[in-house]
Amino acid sequence: MKSGVVVIGRNEGRHLNQCLESIIKETNCIVYVDSGSTDNSLDIAYALKVPVVELDPKVPFTAARAHNAGLAFLLETYPQLEFVQFIDGDCEIVPGWLALAQQELKNQPHLAVVCGRLSERFPQATA
């Protein structure tokens with residue numbers, strides 16, 4: 001496995017299942033980093049057998065802290081990892097994206113990052 005995914009979130013229960021399932025279809029190299037959820041987010045991740053890193057609530061939560069904790073977990077667990085995708089728990093990955101991004105990075109070794117287009121499925125639902 002060359003690509004891994006770090007999913008970060010807090011109280012993402014409404015969307016997390018769809019997010020994680022979209023990733024599980026693409027790779028088994030995944031971790032969910034939770035920033036003190038009080039909903040069913042942890043239960044969802046555990047039910048899908050996704051490894052979870054729970055951040056210590058004594059230290060302020062930031063996206064950067066969650067990203068770094070997830071990356072550290074993936075690199076320790078999967079030392080052969082070459083590429084990492086970071087995603088929020090209320091998003092999902094389109095089928096084929098990880099393979100496409102990985103191929104683009106391999107084809108153009110001067111690139112450090114590739115990114116796709118983010119679009120909301122239900123833009124009217126956002127306040």
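Annotations for the structure displayed:
- Peptide packing for 71-79, 31-39 was compared via the average number of neighbouring C-beta atoms within 10 Å per residue; ordered from the highest value, the list is 31-39, 71-79.
- Positive-end residue of 69, 13, 84, charge dipole of the chain with Cβ unit charges: 84
- Solvent exposure of the stretch 33-90, expressed per residue, is 58 Å² of accessible area, with all protein chains present and a 1.4 angstrom probe.
- Here the accessible area is traced with a 1.4 Å probe on the protein chains. For the chain, carbon and sulfur cover 54 percent of it.
- Remark: for residue pairs 2/49; 2/58; 25/58, the C-alpha separation exceeds 25 Å in 2/58; 25/58.
- Applying 0.36 nm per residue to the separation of residue 64 and residue 76 and subtracting their alpha-carbon distance, the gain on full extension is 2.5 nm.
- When +1 charges are put on Lys and Arg Cβ atoms and -1 charges on Asp and Glu Cβ atoms, the dipole computed for the chain relative to its Cα centre reaches about 220 debye.
- Sorted on the mean count of surrounding Cβ atoms within 10 Å across their residues, most packed first, peptides 111-117, 42-48, 59-65 read 42-48, 59-65, 111-117.
- Shown here is the pair-distance distribution of the chain: with all Cα-Cα distances grouped in 10 Å bins from zero up to the longest one, the shares run 12, 44, 34, 9, 0 percent.
The values are calculated or read from the model by the stated rules, or taken from the named source; none is laboratory data. Please read these numbers as outputs of a predicted model, since none were measured by experiment. Cβ atoms come from the backbone with ideal geometry, glycine included; neighbour counts cover every protein chain shown. Quick note on the areas: whole protein, heavy atoms, side chains included, nothing else; ligands and nucleic acids left out. Shrake-Rupley method; radii C 1.70, N 1.55, O 1.52, S 1.80 Å.
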